[in-house]
Amino acid sequence: ATPISTMVGVGKAAEQGVLVRNGEALQTASRLTTLVVDKTGTLTEGKPRVTEAHLFSAGGGDDDEARLLGLVAGLERGSEHPLASALVSYCEARAGDTAAEVRDFTSVTGGGVRASDGDGHALLLGNARLLEEAGVDLGDAAERASQWEKQARTVVYLAVGGELAALFGISDPLRHDTATAVRRLQADGLRVVMLTGDNRHTAAAIAAELGIDDFQAGLLPEDKHAEIERRQQAGEVVGMVGDGINDAPALARADVGFAIGQGTDVAIESAGITLMRGSLHGVAAAIEISRATLTNIK
Ligand code: ADP
Ligand code: MG
């Protein structure tokens, strides 16, 4: 497109809350064949809440419960992950301000967090993969967890001293207009693909609800990047929508990166287009404007 028609397109996009930082991104949008979307914070609101909890207490009783919740709050205070604030709020509501002091805190990308308590017990909080890699036996809990996961819950496990101590089901509702936006994008001829760090069952439940048949779960940030590269090498022109630090490499790699306006600064800096209304309808609008702009100058 000529610079002038691109400028007109940029203006039209802005009217719909779609901020184009880079005119070339808007031109390329008309050629996209594939749209890769992150799940948490992109398809969903990114405001998770704990909806289920199961605590395995040694002696039983409220003291035990408060102790476990204090450990969870102590662990997640050090984390910036959206799941962490959901867990801290839940623990404080149930047990008050009883967060335990933890030592040697580290966060494990795509897994969770680890630390040790005042008595030197190893603490692990995160997904099944994190605990299994540390040799924790999940036993019957896996069955309970998969029931929750089928209801699109993300399950977070706590282990204390190598023993499973609690599990939490966390719900992060879809944005109110995600389903209609996915259908609009598919009607525009795009192949919509979901890539997520969350587990397979939760991902499958969300994908089924949205009519997305192409998805991958349990991915690390570098896996999202590699999957986009693989599709580009196969001839697809790939857009990517994401909100998190973990999406930044993929946003930068995509032919057009779309950042959720409420997302992290790193994501916004890595993307050519920002969706100020946080809605996937903004992606469809950008693609439709881009196509119309090109048609006009033919
Ligand atoms: P995504 O945003 O695509 O879900 P992440 O890489 O941020 O991917 O997280 C992947 C998974 O790792 C989460 O679904 C969760 O199971 C686990 N996880 C990561 N950080 C934490 C944390 N602070 N507390 C609990 N679980 C976590
Ligand atoms: Mg995300």
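The calculated FRET efficiency for residue 151 paired with residue 47, based on their beta-carbon distance and R0 = 22 Å, is about 0.80. Counted residue by residue at 0.36 nm each, then reduced by the alpha carbon distance between them, the extension gain from residue 188 to residue 234 reaches 14.5 nm. Counting only DSSP beta bridges whose two residues both lie in the chain, roughly 60 percent are antiparallel. Using the Cβ-Cβ distance between residue 105 and residue 33 with R0 = 41 Å, the FRET efficiency computed as 1/(1 + (r/R0)^6) comes to roughly 0.40.
Here the scattering of the chain is modelled by Debye summation over its C-alpha atoms, one equal scatterer each and no solvent; at q = 0.07 Å⁻¹ the log10 of I(q)/I(0) is -0.30. Could you pull out which residues in the stretch 31-71 have an amide N less than 19 Å from a spot 7 Å beyond the Cα of residue 144, following the Cα-Cβ vector? Counting only backbone N, you get 49-71.
Taking the DSSP beta bridges with both ends in the stretch 150-298, the antiparallel portion is around 40 percent.
How would the stretch 49-171 be classified by its alpha-carbon gyration tensor: rounded, prolate or oblate, with rounded meaning a/c under 1.5 and the a/b versus b/c comparison settling the rest? It comes out rounded by the Cα gyration axes.
Between the stretch 172-215 and the stretch 135-151, what's the alpha-carbon centroid distance in Å? Taking the Cα centre of each part, the stretch 172-215 and the stretch 135-151 sit 24 Å apart.
Centre-to-centre, using Cα atoms only, the stretch 241-272 and the stretch 1-78 are separated by 10 Å. Helical content alone sets the calculated 222 nm signal of the chain at -13000 deg cm²/dmol, taking -39,500 (n - 2.57) per DSSP H segment of four or more residues and averaging over every residue. Take the Cα of residue 7, step 7 Å toward its Cβ, do the same at residue 92, and the gap between the two points is 5.0 nm.
Read the figures in this text as sums done on the coordinates, not as results from a lab. In this text, all values refer to a predicted model and were calculated from it rather than measured experimentally. Cβ coordinates were reconstructed from backbone atoms using ideal geometry, including for glycine residues, and neighbour counts include every protein chain displayed.
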